[in-house]
Amino acid sequence: MHTEPGYITEKLALQTRLRRIEGQVRGLQRLVDEDTYCIDILTQISASTKALESVALLLLDQHLQHCLTNAGGPEDSRLKLTEASKAIARLVRS
């Protein structure tokens, strides 16, 4: 059962960051269309990747603060912690 998302207090900031990342990705397409130097494109890809990682870490932090703090008992806390651990593992592998 999911409740109100933990990022609700940061929703506007998250939307702003994601829109900026969307613009960066569109810029990458334009760089390829314009036959830009490969290293310059790779630099922009790195910036986009770091921006996405920053959003992921903010979401994870909000999840831990909200969902674990508001868990409905030890079993729910354990499940939420396991869920967060799996999400962290996916982030680290990507």
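Positive end of the dipole of the chain (Cβ unit charges, origin at the Cα centre): among Cys38, Gly23, Leu68, the Cα lying farthest that way belongs to Leu68.
Counting Lys and Arg as +1 and Asp and Glu as -1, each charge on the Cβ, what is the dipole of the chain about the Cα centre in debye, to the nearest 20?
Working: 12 positive and 12 negative charges, 23 e Å.
Dipole of the chain, to the nearest 20 debye: 100 debye.
Roughly how many whole Å is it from the C-alpha centroid of segment 69-84 to that of segment 17-56? That distance is 36 Å. Expressed in units of 2.2 N^0.38 Å, where N is the residue count, the Cα radius of gyration of the chain is 1.39.
Helix content alone sets the calculated 222 nm mean residue ellipticity of the chain: runs of n ≥ 4 DSSP H residues at -39500 (n - 2.57) each, divided across all residues, give -26000 deg cm²/dmol.
No value in this document is a laboratory result; all are computed from the given coordinates. Keep in mind the model is a prediction, meaning the values are calculated, not measured. Note that we place each Cβ from the backbone using ideal geometry, even for glycine, and neighbour counts take in every protein chain shown.
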